[in-house]
1. Output, in nm with one decimal and in ascending order, the distances from the A:LYS203 label point to the matching label points of the other copies (7 Å from Cα along Cα-to-Cβ).
2. Write down the Kirkwood hydrodynamic radius of the protein assembly as shown, to one decimal in angstroms, obtained as one divided by the mean of 1/r over all alpha carbon pairs.
3. Would the range A:2-46 count as rounded, prolate or oblate if I go by the C-alpha gyration tensor, calling it rounded below 1.5 in a/c and otherwise prolate when a/b exceeds b/c, oblate otherwise?
4. Give the relative contact order (percent, whole number) for chain A; include only Cα pairs under 8 Å separated by 6+ residues.
5. State, to one decimal in nm and shortest first, how far the label point of A:ASN7 sits from each corresponding label point in the other identical copies (label point: 7 angstrom along Cα-to-Cβ).
6. Can you give the % of DSSP beta bridges in the protein assembly as shown that are antiparallel, to the nearest 5?
7. Quote the FRET efficiency, to the nearest 0.05, computed for A:GLU20 versus B:ASP140 with a Förster distance R0 of 35 Å and r equal to the Cβ-Cβ distance.
8. Which ordering of A:ASP126, B:ASP68, B:ASP160, B:ASP271 is given by a fewest-first count of other beta-carbon atoms within 10 Å?
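Please treat every number below as a calculation from the coordinates, not as lab data. Please read these numbers as outputs of a predicted model, since none were measured by experiment. For neighbour counting, all protein chains shown are included, and Cβ atoms are generated from backbone atoms with ideal geometry for every residue, glycine included.
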2 protein chains.
Amino acid sequence: MAIRNFNEETLTAEVLRRIEDTSNPRLKQVMTSLIKHLHSFVREVRPNPDEWMTGIRFLTDTGHWSDDKRQEFILMSDTLGVSMLVDFLNYQAQAGMTESTVQGPFHRRDAPEYPLGANVAKDPPDGEPCVVRGTIRNADGKPVAGAALDIWETGEHGYDTQKGDGNAMDLRGIFRTDAEGKFWFRCVKPVAYSVPCDGPVGKMLMATGRHPMRPAHLHFMITAPGHDCLVTHIFVKGDKYLDSDAVFGVKESLVVDFKKNAAGEWEASYDFVLKPSKQARKAA
Amino acid sequence: MAIRNFNEETLTAEVLRRIEDTSNPRLKQVMTSLIKHLHSFVREVRPNPDEWMTGIRFLTDTGHWSDDKRQEFILMSDTLGVSMLVDFLNYQAQAGMTESTVQGPFHRRDAPEYPLGANVAKDPPDGEPCVVRGTIRNADGKPVAGAALDIWETGEHGYDTQKGDGNAMDLRGIFRTDAEGKFWFRCVKPVAYSVPCDGPVGKMLMATGRHPMRPAHLHFMITAPGHDCLVTHIFVKGDKYLDSDAVFGVKESLVVDFKKNAAGEWEASYDFVLKPSKQARKAA
């Protein structure tokens, strides 16, 4: 019976035939594409058994390095450009709206909410004092009051989850814009840093001749009723890694001038323009 | 600068540009193909952020389920047909030689060596008594003396590594052919069984409408100087899963009639023909 004698040409069709009864049409579409590309990749590179086992071990190690504080598969997705690709395919800012970029693995759902002007840096601060301010507007140029800005950043010694037992809360917080759509808060000046490179992804970067650095940036996740959630960064102008970000996250429109103010602190201004949600666009 | 403004079309080229300095040419080839296929897959299915996160979690769980006794990534490779594809691309038996099939995740390097005729089933045996015998020959039809047969199988309650603390040694062993290339040993009659389906791969099989069963089989890994290592099974004729093996391992030439002998035990005969190694073929 032919069904017992697959070869490298007929095997892919048989694997696809086996998933024909998948009841969820979206899952069927994803699995079909996955199987086709996975088999094409294997046929293209023709791994020997040792190479195949190296791949199995790499994936296994990547899983073992991942826990609730460290997510090595997200890091792999980021460093292979997959996360930015998913971001491009999903957010698609229109002209005049703020562009999105990669979320990264360091967001926490439990960040504290602060009043405008508060300092997210615990004392002593892990970096140089900095003030960030701006206005959030909608696509019509009107200020958005009560928008939530969830912000997070690395200090000079890493993100809070990378320090000590990883449970302290530092350099992150949630603010809400005032009636004029304005926000301002205190933090530390963002610094360039290395993505975690003591695990499998670090080995991959090293083996492929890449550095693990990200240019200095401050993360934002901005939510407001009637608008799509905007996940983005602002980057520090002049950073030497702007053209070689290890996770491909830089967009020119997100690069901001950080300057010393009269009080000797760093200061940066950035105005965000939110994209209306699909429901809001339909209603308009 | 264009380099700071990738889009879904230009991002792939930039990721490939970043690995241009990879010093190992084979790694560069594999990573290039991987990045192209991975990005094509993502562009084709356009995952939303929740779907992307589902993928990240699936891979992470698959890593967490894997340890020195259980290898969920090998199981994923097996059930997606990748392991058989790698096997086809590598072994490629010529006419008249025994075909290979998938190794699976249950081989152990530390199996005990036994004299010919020994029983690999610990007392009480986890199945019905069975004798397996045959001859190992080279491509010229000459018997191969001293070939090592590493054999392993499931009992009615699973492989030894799946029982108790997983450390007992049962239903596996190494035998060596005699001067006439003959081997014979005692075991239990192979039974059909489910691949482990309490983990992520089991969920994938269920969600895609597939059963997790493998037809009854006995594993062989046969090594002899001057020959390629042959990893294969013999399957039990008449098994109801021969046409729907969860790991696509069945080849008609490996299906064997198991019959009751005069002593009331199961008995099967199979003669193997080994493939000369590349060095041996060159020397010939």
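1. 2.6
2. The Cα-based Kirkwood calculation yields 27.0 Å.
3. The shape class here is oblate.
4. It rounds to 20 percent for chain A.
5. 4.5
6. Percentage antiparallel, nearest 5: 75.
7. According to the calculation, E is roughly 0.20.
8. Result, fewest neighbours first: B:ASP68, B:ASP271, A:ASP126, B:ASP160.
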